[in-house]
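Report on the following structure.
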């Protein structure tokens, strides 16, 4: 599976922008669904006083991770909240008291073996910080006797344009990143780790090489700057040469892939016991006069971030949580920051609106060449139009990661990636 990918303008204008802590908001809204899997149920009620790091949502479901308060204050409301994805979950609204009193439950966890390590990661509320929010404790909960893991791949590719929050994690907290890697390697008995960074981040590569110079089993892997280099299956292949097949997890090939910010968080949690209550985000796009990187508390309204970056809400024609390729459009400026947000991008009409009209497919094959999974989007579209679920399965549709490369290169301006996702719905 040699990976070629497509080339995008990097737009990494905030790569040298040190992270600035965002002011404490007056009110936060904390959704109970910030991870892949079952949403949590609130464990507090209206009128309760809460503190920073206190658990306010939990679930007994296997595929779930707890939610904690990012502020101290009073619970003002609990109700249904419409996520940007269209799904509905409960959300806890907290009026801050300005004190940021830390919960008495926040203390370093007692960890002395794999079982207690996994339990600690679950209690931290950690989920993948660079993607879909897969609960980290489930990813790490591998039977290492039955299915040994020999390779830990640290994903610091950050291949989407504009986003530099992971790069800043490396630059600002390199020791946390290395320590987090070592902790995972220790408890899962992993022999080798690979820190994968695109070559358009030379400062990060240089720093990680310096920090790992005496670590024979931790290697820095400079990657060709192409998209989607940071996709899980792609970065696993780039680091190890192993192909993760359709329906497989990397662990089936002896690999665990962790986002670099996840590794840094694991280190800090084991030292302090402070759960995941804040997130570094890149604020960029032509609607922001002062692009920057910020550390925002989970639940902070996006409107506060827009104001901090000198953005004018009236000028924003498109607001995206994440990157321009795989990010999700937001319908509301009051949307709260969640654990999985790594960027908020604001674009004026000049960049947000596609000018060209869509035309018929010209059968050029560019979508096939661009697909990192070597799929045939043109044939997928035909099968979808015919409602032929069997053919869609034969075309390996479930390998599609919705990276958007096919739509990006299409000269007919067709919504190729969108059709792929609709087709996934058909075979489900």
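The values are calculated or read from the model by the stated rules, or taken from the named source; none is laboratory data. These numbers come from a predicted model, not from an experiment. So basically every Cβ, Gly included, is an ideal-geometry build from the backbone, and we count neighbours across all protein chains shown.
Descriptive notes on the structure:
- Subset tally (residues that are modelled with pLDDT under 95, in a loop (DSSP other than H, G, I, E, B) and in contact with a strand residue (DSSP E or B) (Cβ under 8 Å, 6 or more places away or on another chain)) for region 65-87: 3
- Number of the exception - residue 317 against (1) within 28 Å of residue 95 (Cα to Cα); (2) touching a strand residue (DSSP E or B) at 6+ places or on another chain (Cβ under 8 Å); (3) surrounded by fewer than 18 Cβ atoms within 10 Å (Cβ to Cβ): (1)
- Test: residue in region 150-171 that is closer than 20 Å to residue 254 by Cβ and surrounded by fewer than 21 Cβ atoms within 10 Å (Cβ to Cβ): yes
- When restricted to residues that are outside any loop (DSSP other than H, G, I, E, B) and either free of Cβ contacts under 8 Å to residues at least 24 places away in the same chain or over 23 Å from residue 32 (Cα atoms) (or both), region 269-288 contains 7.
- Filtered residues of region 95-105 (kept if assigned to a loop (DSSP other than H, G, I, E, B) and surrounded by 12 or more Cβ atoms within 10 Å (Cβ to Cβ)): 97, 99, 100, 101, 103, 105
- Of all residues in region 382-401 being within 26 Å of residue 158 (Cα to Cα) and in contact with a helix residue (DSSP H, G or I) (Cβ under 6 Å, 6 or more places away or on another chain), the one that is surrounded by the most Cβ atoms within 10 Å (Cβ to Cβ): 397
- Neighbours by Cβ (under 7 Å, 6+ apart or cross-chain): first from region 13-37, at positive phi; second part of a loop (DSSP other than H, G, I, E, B): 37/61; 37/63; 37/64
- Residue check, residue 303 assigned by TED's automatic domain parsing to the domain that holds residue 161, part of a helix (DSSP H, G or I) and either more than 19 Å from residue 128 (Cα to Cα) or out of contact with any strand residue (DSSP E or B) (no Cβ under 8 Å at 6 or more places or on another chain) (or both): no
- Residues (touching a strand residue (DSSP E or B) at 6+ places or on another chain (Cβ under 8 Å) and either without any contact (Cβ under 8 Å) to a residue 12 or more places away in the chain or outside any helix (DSSP H, G or I) (or both)) located in region 111-139: 125, 126, 127, 128, 129, 130, 131, 133, 134, 135
- Residues (more than 21 Å from residue 228 (Cβ to Cβ) and without any contact (Cβ under 8 Å) to a residue 40 or more places away in the chain) located in region 190-201: none
- Test: residue in region 349-362 that is crowded, with 17+ Cβ neighbours inside 10 Å, closer than 30 Å to residue 29 by Cα and in contact (Cβ under 8 Å) with a residue 12 or more places away in the chain: yes
- When residue 108 is tested against (1) touching a strand residue (DSSP E or B) at 6+ places or on another chain (Cβ under 9 Å); (2) in a loop (DSSP other than H, G, I, E, B); (3) modelled with pLDDT of 95 or more, exactly one condition is not met: (1).
- Taken together, the criteria place residue 91 among residues that are touching a residue at least 24 places away in the same chain (Cβ under 8 Å), surrounded by 20 or more Cβ atoms within 10 Å (Cβ to Cβ), outside the structural domain of residue 256 (by TED's automatic domain parsing) and part of a strand (DSSP E or B).
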